[in-house]
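The values are calculated or read from the model by the stated rules, or taken from the named source; none is laboratory data. Note that the coordinates shown come from a computational prediction; the quantities given were computed from them, not determined experimentally. Cβ: placed from backbone, ideal geometry, glycine included. Neighbour counts: every protein chain shown. To get the accessible areas, we keep the full protein, side chains included, count just its heavy atoms, and leave off ligands, DNA and RNA. Shrake-Rupley method; radii C 1.70, N 1.55, O 1.52, S 1.80 Å.
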Amino acid sequence: MTTLMKFYSPHASIDDAQLAQHAKSDADAFAELYRRHVTSVYRYHLAHTGNIKDAEDLTSQTFMAALESIRTYRGTGSYVAWLMGIAARKRAMFFRQNKPETSIDEAINLPLQNLSFENPVSRRLQREQLLRALRKLSPDRAEALILCFFSELTPVEAGRVLGKSEAAIKMLVSRGLQDLRTRSSLAMDVEYE
Amino acid sequence: MNNPLRNQISPEDQPMADHLTSTAQGMHISPNFQSNLETQLMNAHPSQHQRPSSWFSKAFTTLGWALAGFAGILFLSWAIRSLIPGPTPSQEILPTPEISLEANVRSGHICTASLALAHGFKVYLSSTNKTEFIRLDPQKTIGELRALAWSPDGQHLALVGNTTGHGNIFVTGATGDALQPVLPKSELGYLMEVVWSHDGKQFLTWSVANNSVIYLIEADGTGIEKITLNLYMASTPQFTPDGTRIILVGANSTVAGLLEVNLADRQTRVISRLVEDATGFAWSSDGSHLAYMEMDRELGEARLISEEFVTGNKITLTTFPIPKGSGSSLPTASNLSWAPDGSQVVFDFGRGANDRAIYLAYTDGTGIVKLAEAARTPALSADGCLAYISRGQVFLMDLRGLTSPSIPPSFGLADLPASSANADFRLDKLQWGAVSQ
């Protein structure tokens, strides 16, 4: 969150559900919700697209759609789960129109652990490699990992987005992590053969 | 990561969970983007449009509707014009001489070399009269064709073909006759690229299986040498002029950027830590100079550098402003290509496929010319013809004798072949063979 945004907000102490009710008629309340969750939405889209420009476009679309339909939010569930549901639909529409680059996904196999985080190139390579590895997982596992780690949803909230139970989300996360670990190990094995 | 989840992750999965968390935390949203979107949302909020009605607001509303109507008419006018095929960027500036250029090219007077095109995991060669692109291996018997490279003498075209994860190098003549495999067996995995040595006697290639390993293969398919580097390649290496070292964009645990590796002892030298783009560097034809694009995120500046390789003397050919900071979305520079006489470098620069432009920089540092908007993938021929892709077509531009900053004539050579593959535009490549005598 940029420091420019950290001005005094009368809504800062109100929880999301109450704020969402105010946001139906109060632009400042909607802005506060936006500031709270824009990073989660952006990281969700960046994790899926791997592309900053597309992630920014999808983040804009997500919040514009949320603004249009804020009156339909009934407050019965978590606001962030409702918002991430919109993000998931925008993401699905995006990939229907822009199918993922499957061949490129297979292209570069960087071992995850060995690159320094100090250099922007290393950071970018690390991020791209991790996102490529995520795209190789089953869609449910990848989505659970992205919602929990990139959007920082709880398993309950992620379950609401995916229509699954909390236990199912925890299982998906656990198996997704195992998959990632296995793939990373394979890359290391090849490296040191 | 949220705490309820952290407590339930097994110890062996914890490092991967931490890696995911740190990667996520490194994804910083651009402050400008965040601020602009917030402004848009505030303006679009329904409460912003519910003002008390007064004579002023009514007048304001009326004026607003009038402006909106005017804007609508402008938009409709633009939309109608955009549906009609428009002139190319260069044609907009210099509309008259294209016919003669086109006639000259079609009749074989200029731009006589074969033009190879990689697009959508297929490779094509221009027809003799340059009216179309003819697909190599139309039956797709050798799988995905994902890379191409003309031999130094321009007489042979090497391709990488991959079938079910197994790749081979194939060679054909300048007219695209039968593709001949170089390796007797495809056992190196999914091959990424192929590069000729400067004497045309060796290939360099690398495989998805391990991007720390390069293979040097004799052009006749014998004597495969596997070389393990102490770094990870992010780009295809290029040989230095003497063939003893390679240049690549890569990283290891201590450095990243444009690196030089001695093939004899694997010693690594950093040429520039600021080069990020995989195709953002190129050798001059005589091998004396290396051009590369540096991305200085601290200064907020992209710099095109020409380095005299023996002395290390550098000239900054041009600069572009870029956003500051490591989390920013940066444009990329790619497809650097030198003019045969070393006097110019062309390249494309931009963020996506549609907002790129092609630039020409004079290598004495005297200036830069934007040659085409909404264009990418430039390739210069030995006789001064620039090929590039714009708006679904391959264009040719005549750069011979370019002395003034005006835009030279160009014309649409052929439509970009339709492709069902959703390939990244960055894999598109144009490359000229030898000029016919």
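How many residues are in a helix (DSSP H, G or I) and either more than 7 Å from every other protein chain (Cβ to nearest Cβ) or open to solvent by 40 Å² or more (accessible area, probe 1.4 Å) (or both) when one looks only at the range A:20-34? Outline the logic, then answer.
Kept after step one, since they are in a helix (DSSP H, G or I), are these residues of the range A:20-34: A:20-23, A:27-34.
Right, trim to either more than 7 Å from every other protein chain (Cβ to nearest Cβ) or open to solvent by 40 Å² or more (accessible area, probe 1.4 Å) (or both) and you get A:20-23, A:28-29, A:32-33.
The total comes to 8.
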Strands (runs of 3 or more DSSP E) contained entirely in the range B:99-187, each with at least 2 residues that are among the small types (Gly, Ala, Ser) and under 23 Å from the mean Cα position of the chain (by Cα): B:115-119, B:144-150, B:156-163
Residue that is modelled with the lowest pLDDT, among those in the range B:301-342 that are open to solvent by less than 40 Å² (accessible area, probe 1.4 Å) and over 21 Å from the mean Cα position of the chain (by Cα): B:327
Test: residue in the range B:193-209 that is farther than 20 Å from residue B:262 by Cβ, in contact with a helix residue (DSSP H, G or I) (Cβ under 8 Å, 6 or more places away or on another chain) and open to solvent by 20 Å² or more (accessible area, probe 1.4 Å): yes
Enumerated helices (runs of 4 or more DSSP H) restricted to the range B:1-75, each holding at least 1 residues that are within 11 Å of chain A (Cβ to nearest Cβ), open to solvent by 30 Å² or more (accessible area, probe 1.4 Å) and at pLDDT below 80: B:3-6
Single condition residue A:142 does not satisfy, out of (1) more than 9 Å from chain B (Cβ to nearest Cβ); (2) modelled with pLDDT of 85 or more; (3) open to solvent by 30 Å² or more (accessible area, probe 1.4 Å): (3)
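Every residue, every condition in (1) surrounded by fewer than 21 Cβ atoms within 10 Å (Cβ to Cβ); (2) at pLDDT 85 or above; (3) facing chain B (nearest Cβ under 8 Å), yes or no:
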{"residue": "A:127", "(1), (2), (3)": "yes, no, yes"}
{"residue": "A:159", "(1), (2), (3)": "no, yes, no"}
{"residue": "A:165", "(1), (2), (3)": "yes, yes, no"}
{"residue": "A:174", "(1), (2), (3)": "yes, yes, yes"}
{"residue": "A:191", "(1), (2), (3)": "yes, no, yes"}
Hits in the range B:211-246 - residues which are away from chain A (no Cβ under 14 Å), under 23 Å from the mean Cα position of the chain (by Cα) and either aromatic (Phe, Trp, Tyr) or open to solvent by 10 Å² or more (accessible area, probe 1.4 Å) (or both): B:238, B:239, B:241
Qualifying residue in the range A:103-125 (condition: more than 10 Å from chain B (Cβ to nearest Cβ) and modelled with pLDDT of 70 or more): no
